[in-house]
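Student: Structure below; questions to follow.
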There are 2 protein chains.
Amino acid sequence: MSTTACRDPAEAPEEQRFLSTEEAAALERELLEDYRFGRQQLVELCGHASAVAVTKVFPLPAPSRKQRTVLVVCGPEQNGAVGLVCARHLRVFEYEPTIFYPTRSLDPLHRDLTTQCEKMDIPFLSYLPAEVGGPCTRALATLKLLSIPLVSLDIPSGWDAETGGDSEDGLRPDVLVSLAAPKRCAGRFSGRHHFVAGRFVPDDVRRKFALRLPGYTGTDCVAAL
Amino acid sequence: MSTTACRDPAEAPEEQRFLSTEEAAALERELLEDYRFGRQQLVELCGHASAVAVTKVFPLPAPSRKQRTVLVVCGPEQNGAVGLVCARHLRVFEYEPTIFYPTRSLDPLHRDLTTQCEKMDIPFLSYLPAEVGGPCTRALATLKLLSIPLVSLDIPSGWDAETGGDSEDGLRPDVLVSLAAPKRCAGRFSGRHHFVAGRFVPDDVRRKFALRLPGYTGTDCVAAL
């Protein structure tokens, strides 16, 4: 898988197509500027789909209340906003999310999504328990030590968006949810489940960026890759 | 059913609870002002859920391309925006929506949602075919003459939000999708399927407005009443 990112996608029609950083930015611009999607709208769609992906891999045992707990770690950028929406939908789906969001964005979108979670009584951790408290880089060190399964949204924390970076050094998520379309680093993903949450991407945009994605079933908002 | 709206809901704990116009406005204010939901966000959630409700009642025959056509009639108010989102999701679900949106709102939300539909090549009718062309009131007269099944969002066109009005005179939808929670006029609905699309309404708000709604299953965004 790790060689995929090095090939010209046009030469490998049968393979997954992963977007470079520039292509991903161009795709987002197309959605925002040409199609006039709103950021609030895209973040809501992506966060909802991410929560649905979590339910597919970790379905709730019907009668039990065990294993409903999820820790949602959010950075200050756009994917952190997606994480906040994901946490809210997980709560609606009767999971018990807790949010760790150490560096809060001043963006009104982030603030509104934070208020929604707070008002819904989703707990926010002020620090990660145990030996490491502090900024996100140290929180990542803690996450790497955990044996519980990790779900990453789009680009796993600490990974290089293009190469994935040194996979020995980064997080090793069990589940990856690519937002809109898989980014190049996804070629390095070796976990159990890879989903794409991009059903909202119009057909013309998929063709323009030569996305070769599996079909979505019924009204599903995510598809397994 | 038609007497339900006249009773004090507190005296009828086993019955459906329908919101008065004032209560519905207060619930929406609570979501927008206290919970800081965005209008774009709520309209997206409601439009998506409305499209899912349509797929439940009129599922696509797997191999056939017949009966994929849907006419989505949108007014200039907020539920018209929900209709535009619904049409977009129906297109994503591989239906063939056509939009009739005779009085266009200047609201940027409506304009952006219209652009999304136009860019996705969803056709817009400039007038309803056959004998009646003109404003919405005359379009309603045409809809009343049609034998194809009608789906209404929240308050069927022409109905009084409180009483439902003279049901002989109004549309008789086969399917009603109540947004957030059923409004009083829903007590008069006598069609085949009544859904509520309000899974996003937080538990505290449901309790505050004494909403007695069925549980949503799995990750479903609509529930049958």
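The values are calculated or read from the model by the stated rules, or taken from the named source; none is laboratory data. Just so you know, these numbers come straight off a predicted model, no measurement behind them. Heads up, the Cβs are rebuilt from the backbone with ideal geometry, glycines too, and the neighbour counts pull from every protein chain shown. Surface areas here come from the heavy atoms of the whole protein model, side chains and all, with no ligands, DNA or RNA. Shrake-Rupley method; radii C 1.70, N 1.55, O 1.52, S 1.80 Å.
Student: In this structure, is B:Cys46 hydrophobic (A, V, I, L, M, F, W, C), surrounded by 15 or more Cβ atoms within 10 Å (Cβ to Cβ) and modelled with pLDDT under 95? Spell out the reasoning first.
Tutor: Values: hydrophobic (A, V, I, L, M, F, W, C): yes; surrounded by 15 or more Cβ atoms within 10 Å (Cβ to Cβ): yes; modelled with pLDDT under 95: no.
Judged against the criteria, B:Cys46 is not a match.
Student: In addition: For the stretch A:173-187, what are the residues that are assigned to a strand (DSSP E or B) and basic (Lys, Arg)? Lay out the reasoning, then the answer.
Tutor: If we filter the stretch A:173-187 for residues that are assigned to a strand (DSSP E or B), which is where we start, we get A:175-179, A:183.
Across the stretch A:173-187, the qualifying residue is only A:Lys183.
Student: Between A:Ala51, A:Ala25, which is modelled with pLDDT of 95 or more, closer than 22 Å to A:Leu171 by Cα, open to solvent by less than 70 Å² (accessible area, probe 1.4 Å) and not in a strand (DSSP E or B)?
Tutor: A:Ala51
Student: State all residues of the stretch B:184-193 that are touching a helix residue (DSSP H, G or I) at 6+ places or on another chain (Cβ under 7 Å) and open to solvent by 20 Å² or more (accessible area, probe 1.4 Å); if no residue qualifies, say none. If you could, list the steps in order and put the result at the bottom.
Tutor: Applying the first criterion (touching a helix residue (DSSP H, G or I) at 6+ places or on another chain (Cβ under 7 Å)) to the stretch B:184-193 yields B:184, B:187, B:193.
The answer is B:Arg184, B:His193.
Student: Among residues belonging to the stretch A:194-205 that are away from every other protein chain (no Cβ under 13 Å) and without any contact (Cβ under 8 Å) to a residue 40 or more places away in the chain, point out the one that is surrounded by the fewest Cβ atoms within 10 Å (Cβ to Cβ).
Tutor: A:His194
Every residue, every condition in (1) part of a loop (DSSP other than H, G, I, E, B); (2) modelled with pLDDT under 95; (3) under 25 Å from B:Tyr127 (Cβ atoms); (4) open to solvent by less than 20 Å² (accessible area, probe 1.4 Å), yes or no:
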| site | (1), (2), (3), (4) |
| --- | --- |
| B:Lys66 | yes, yes, no, no |
| B:Leu71 | no, yes, yes, no |
| B:Gly83 | no, no, yes, yes |
| B:Cys86 | no, no, yes, yes |
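Student: Among the residues of the stretch A:88-102, which ones are part of a strand (DSSP E or B), under 17 Å from B:Asp203 (Cα atoms) and open to solvent by less than 10 Å² (accessible area, probe 1.4 Å)?
Tutor: Matches in the stretch A:88-102: A:Pro97 only.
Student: Considering the stretch B:28-85 alone, what residues qualify as being away from chain A (no Cβ under 14 Å) and within 13 Å of the chain's Cα centre (by Cα)?
Tutor: B:Val72, B:Val73, B:Cys74, B:Gly75, B:Glu77, B:Gln78, B:Asn79, B:Gly80, B:Gly83
Student: Then there is this: Could you list, in sequence order, the residues of the stretch A:168-183 that are open to solvent by 30 Å² or more (accessible area, probe 1.4 Å) and farther than 17 Å from A:Ala51 by Cα?
Tutor: A:Glu168, A:Asp169, A:Arg172
Student: Would a scan of the stretch A:206-223 turn up a residue that is in a strand (DSSP E or B), within 14 Å of chain B (Cβ to nearest Cβ) and not aromatic (Phe, Trp, Tyr)?
Tutor: Start the filter on the stretch A:206-223 by keeping residues that are in a strand (DSSP E or B), which leaves A:223.
Next, only the ones that are within 14 Å of chain B (Cβ to nearest Cβ) stay: A:223.
Narrowing further to those that are not aromatic (Phe, Trp, Tyr): A:223.
Scanning the stretch A:206-223 turns up at least one residue that is in a strand (DSSP E or B), within 14 Å of chain B (Cβ to nearest Cβ) and not aromatic (Phe, Trp, Tyr).
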